[in-house]
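No value in this document is a laboratory result; all are computed from the given coordinates. Remember, predicted model here, so these are calculated numbers, not experimental data. So basically every Cβ, Gly included, is an ideal-geometry build from the backbone, and we count neighbours across all protein chains shown.
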Amino acid sequence: MLRAGVQTVKVDPSRAVGLVLALASLLPGCFAWRYPGLMERHLEVLGSYATKLEALAQDERTVRAQDWGEFTYPLERAREFARLGAARYPERASMRAFQRALDAYGALAADPAILSNPDARSVVAAGVATFRAAADEARADLERERAG
């Protein structure tokens, strides 16, 4: 009764395999096309969290350890992108600079105790400056790669 009016379609298995292979061949090109935008998005998100850490340090506020995932999760996602990107494009300067930016942000997000440090303002500000310099370098390298 429930199947009334439903038509079934039979697909030749060789056509299905061909379609899967065709789609699989497009995936590397798809990543190449999305690479600059994805990298920029990760840098933008990490930059927002770096700014938030700097504001917390300036206001002498801390974050509970159980809430620190807010700062580490975006880094985990960016590192996953870097892992995939480095496997496909190990020679790209933008990827190397991106990884330096991740390392700089990682130093900021390594431990919530950074905000409890008596010199939190200067320590966080220096870390944010290091991150931003590496992020700017990655963006500049992306532009050179697009142009050339």
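Under a model in which nothing but the beta-carbon of Lys, Arg (+1) and Asp, Glu (-1) is charged, the stretch 35-147 shows a dipole of about 300 debye around its Cα centre. Here the Karplus curve 6.51 cos²θ - 1.76 cosθ + 1.60, taken at θ = phi - 60°, turns the phi angles of the stretch 60-65 into couplings of 6, 10, 10, 10, 5, 4 Hz, with x standing for Gly and Pro.
Computed extension gain for R146 through W33, at 0.36 nm per residue and net of the alpha carbon distance, reaches 39.6 nm. Taking each residue as 0.36 nm, the span from R41 to A125 lengthens on full extension beyond its C-alpha to C-alpha distance by 28.0 nm. In a fully extended conformation the segment linking E60 and S48 would gain 2.5 nm over its present Cα-Cα distance, using 0.36 nm per residue. Take each peptide in 52-60, 80-88, 123-131, count the other Cβ atoms within 10 Å of every residue, and average; sorted highest first, the result is 123-131, 52-60, 80-88.
Couplings 3J(HN,Hα) of the stretch 83-98, computed from phi: 4, 5, x, 5, 5, 8, 10, x, 8, 6, 5, 4, 5, 5, 5, 4 Hz, in residue order, whole Hz [Karplus 6.51 cos²θ - 1.76 cosθ + 1.60, θ = phi - 60°; x for Gly and Pro]. Once C-alpha pairs closer than 8 Å and six or more residues apart are averaged by separation and normalised to the residue number of the stretch 35-147, the relative contact order reads 36 percent.
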